[in-house]
1. Residues with amide H under 5 Å of A:Asn60's amide H, sequence separation 5 or more or different chain, H placed in the peptide plane at 1.01 Å from N; which?
2. Can you work out the base-10 log of I(q)/I(0) for chain C at q = 0.06, 0.09, 0.10 1/Å, using the Debye formula on its C-alpha atoms alone?
3. With labels modelled as points extended 7 Å from the Cα through the Cβ direction, what inter-label distance (nm, one decimal) is found for B:Lys48 paired with B:Asp15?
4. Only bridges with both residues in chain B count here: give the DSSP antiparallel percent, nearest 5.
5. Under the definition of Cα pairs under 8 Å and six or more residues apart, what whole-number percent is the relative contact order of segment B:137-185?
6. Kindly compute the accessible surface that chains C and A hide from a 1.4 Å probe when together, both sides summed, and give it to the nearest 100 Å².
7. How large is ³J(HN,Hα) for each residue in segment C:136-147, as worked out from phi by the Karplus curve 6.51 cos²θ - 1.76 cosθ + 1.60 (θ = phi - 60°), to whole Hz, x for Gly and Pro?
8. For chain A, what is the accessible area per residue in Å² when the probe is 1.4 Å?
Amino acid sequence: MLPKEKIKEILDSYDKSKVTIATICSHSSLQIFHGAKQEGFKTIGIVKEEYKKFYESFPNACPDEFIVVKDYSDFPTEELIERNSVIVPHGSFVEYINKKLDDLEIPIFGNRGSLRYERNRHRMFKWMESSKLRIPKILKPEEIDRPVVVKFPGAKGGRGYLVVNSYDEFMEKVGPDVDCLIQEFIIGVRAYIHYFFSPFNTGIGYQTKNGTIEMLSIDRRRESNADEIYRTLSIGAKGPKTRMSFTVIGNDPIVLRESLLPRFMDMGAEISDTSFDLFGGLYGPFCIETVIADDLDIFAFEISARIVAGTNLYPSGSPYSVYYYDAPMSTGRRIAKEIRTGIRLKGLDKIIY
Amino acid sequence: MLPKEKIKEILDSYDKSKVTIATICSHSSLQIFHGAKQEGFKTIGIVKEEYKKFYESFPNACPDEFIVVKDYSDFPTEELIERNSVIVPHGSFVEYINKKLDDLEIPIFGNRGSLRYERNRHRMFKWMESSKLRIPKILKPEEIDRPVVVKFPGAKGGRGYLVVNSYDEFMEKVGPDVDCLIQEFIIGVRAYIHYFFSPFNTGIGYQTKNGTIEMLSIDRRRESNADEIYRTLSIGAKGPKTRMSFTVIGNDPIVLRESLLPRFMDMGAEISDTSFDLFGGLYGPFCIETVIADDLDIFAFEISARIVAGTNLYPSGSPYSVYYYDAPMSTGRRIAKEIRTGIRLKGLDKIIY
Amino acid sequence: MLPKEKIKEILDSYDKSKVTIATICSHSSLQIFHGAKQEGFKTIGIVKEEYKKFYESFPNACPDEFIVVKDYSDFPTEELIERNSVIVPHGSFVEYINKKLDDLEIPIFGNRGSLRYERNRHRMFKWMESSKLRIPKILKPEEIDRPVVVKFPGAKGGRGYLVVNSYDEFMEKVGPDVDCLIQEFIIGVRAYIHYFFSPFNTGIGYQTKNGTIEMLSIDRRRESNADEIYRTLSIGAKGPKTRMSFTVIGNDPIVLRESLLPRFMDMGAEISDTSFDLFGGLYGPFCIETVIADDLDIFAFEISARIVAGTNLYPSGSPYSVYYYDAPMSTGRRIAKEIRTGIRLKGLDKIIY
């Protein structure tokens, strides 16, 4: 992985009064550009020609400048450095750049080491376990005695996940010696908590060992066809068309019982604390993906070490962000605000790698 | 259908400094009045006596004047013309006025020709097909080999729709020679996209052949009992009480994956473009009603050529409207703003018929 | 029950320019503190040590002062009276204080008599019946011929409810001579309507016999596992893990068909009117919990005589509150505003008992 010193050098060369915020036009980029503009930054969109017109159509979220590319893996690092750019990484950025991300010679908001953790299921489990989060049981094929989700390596956004009920069903639908993760299928209310970690201790948020976290918003993913499959079940439909699948299509807003929130805040604090032990800390937005069972047990099944698409529900702030900020505060805007604070306190290298 | 020249005459007779916005008190009228007031218009509510007290109770959405009627089909065109009124048509207006709408001698926001298209399923399919939207397969009774929805003529808001699984079930529940539409029942996430077309090219929105479209918001309908029927299924309940029905009760908010949005924008642009080829254009708000399958295919199953009730979620703007406007922009307010622009640019006759 | 005169005496002793708003830190307290601060009140949080840090982390919703207690039933009435406090009761307050509430020597916002009604199912049915609300049928075990919910005394937030289909299933799962309520299980869209009653007739809201009501917002509860159980059903899972349960985890936003709203407003007005006949009136926020069937029949199944947690969705106002107020108006803020009005009109004793 590119040494942090290299990025610090690039940052040192930047004209701090002309820092721009850049990202790939996808995932949560409208929110990121919108928030950056609200905080007074110039914005750069890395875009394929065919999507440019779409992004140009939103006056309040259109990047001030586009860099058109044929392929996102041809990442225009030089042009971006010329423009004093900080990249805000999001889910599509992580997916498109993939392993190249480790060595990308461009300042990235947050700690790029955290994105490596997100990419690897074993590291992620280690992280969750060190943080004492309760996670759904991992089973071997022959142990399947309840509904389980079978996850294959590289499955994106829930596509390709399979649910089976028994060892026999597993053998029939998956077969022996297949590289996969078999996880207990917990039924309950899913909730995805959007946190934000800051090392600057500006007096807002929940104190952790290394700074503060804020709980900016919560969403629930809407998956096709899992979230509307009851519509065929009710008519007794059968067959391949009614097999449950988990492609993420969008997001719904939700608020949780207030009495659950202190537990969720502690979970966020733990994840933050252990991130420093494991890989030098997670900076900026992250998300814990949970299921809340009927006895109020909270199961964590994934961590995203960056802005998640569920925050797109809240470009004008959320039912939680108003408890921190008078101004409408999206996660996108919070990121820009953090970069602004980093510039002001001459601590940009703390939150950028 | 009343010639457009007749409406232009009425509009020419209007005192443009005293234009009022009027509609029937139902459907999305609170939002329409609220938006009109925000843009500085006087508002008129056409109302039945029994509902007047309800509307009077909302100071920010109460019409400035009521015209009380016994029956909405006794439409008070003369009183409205005296008040320089422009009618904003909504779903209940279209339903109550029905075919009389074609010849109603009163300026209607948008193109009344588009409301004729909405009324007729064959015309609507033609429209969707010309726009190259993918639509659920239409089947003959003997072709039923999967879940299908059976829609009868005149069914309102999903009431009376029937879902069957096979030809035998169709014959048992519907019978031979019944006038109905049999459509593949697509399972996925439903999303209703709220667009707004403007011919004025004021620099906001997505360029189409004849102007611009904006994607103001998105909702998902909540249907009784289809959207909670899983609650009886889970206990193995059977019988007529658990037959799936689709009466629209309300609406939920939703946002979609950003990577899907350019495709939805193109769908809106196509629908707009073909509306000019087919019937002189659709002006103002419209909605494409879709299902997104797990392979990310988008199916369109209906178009509404006017404001939809799902916009009632967003009287203070939506997660998308903020990318266009700094002010809280509902569809109701957007309509009023468009009438204001029409007055300013002396182009009211373009957007009113 | 403590005589109202006693509370009036305490109120008379208060320095009206220094009234504070207090509640237990749970349920909807962030919203209540946030709203009180917006209206310029000092706030007091009654809290257990372990939750203090959580509440301190929200600058816009953190109480100005904490009173730390070991047990909520050791209610610090003296300290609160010294601070000129008015308690805002919420669901957790009602649960923790329980029957002690009747005699608690501290001014409570609203009428504490209404909270007694909420606590007792028989009184509540009487209330709903006097108000001519349609309620789900109550059945005897031997009459069970459809899905029913079996509710046991003292069950909180839906925990422990049971759904059965037949007399045999009831006898198997519940048994004879068990104290429980058996209620028809109505399938439809659930909607929880948040009202606010004011006696001050300030010109906003829907006129009732004794004042006005406002319809501030609407939510839908999200219950574990009832609201995601379809995810196991679709794979044919069976066993205890898939038995439906109703633990409230959080809340979703929803808007309803505008044509249903006048009926809901009348229901709220009836509940308000009869509350005066039955127990001297319900003041401030209340909620009617309903199911809307596919033929648009509205069934009421419960009343909450205080702020409900579903209002936590709307700390910045709702799709309905904007039709009343220009400022972002949560139920928490509305309560503070009402106390402000009470002080101004020297009518605090009307709305506090």
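1. The list, which skips near neighbours in sequence, is B:Tyr324.
2. Rounded to two decimals, the profile gives -0.23, -0.51, -0.63.
3. 3.4 nm
4. In chain B, DSSP labels about 75 percent of beta bridges as antiparallel.
5. The value is 54 percent.
6. 3900 Å²
7. Residue by residue, segment C:136-147 yields x, 4, 9, 10, 8, x, 6, 8, 5, 10, 7, x Hz.
8. Heavy-atom SASA per residue in chain A reads 36 Å².
The values are calculated or read from the model by the stated rules, or taken from the named source; none is laboratory data. Every value quoted in this text rests on a predicted model; they were computed, and no experiment measured them. In this analysis, Cβ positions are derived from the backbone assuming ideal geometry, glycine residues included, and neighbour counts consider all displayed protein chains. To get the accessible areas, we keep the full protein, side chains included, count just its heavy atoms, and leave off ligands, DNA and RNA. Shrake-Rupley method; radii C 1.70, N 1.55, O 1.52, S 1.80 Å.
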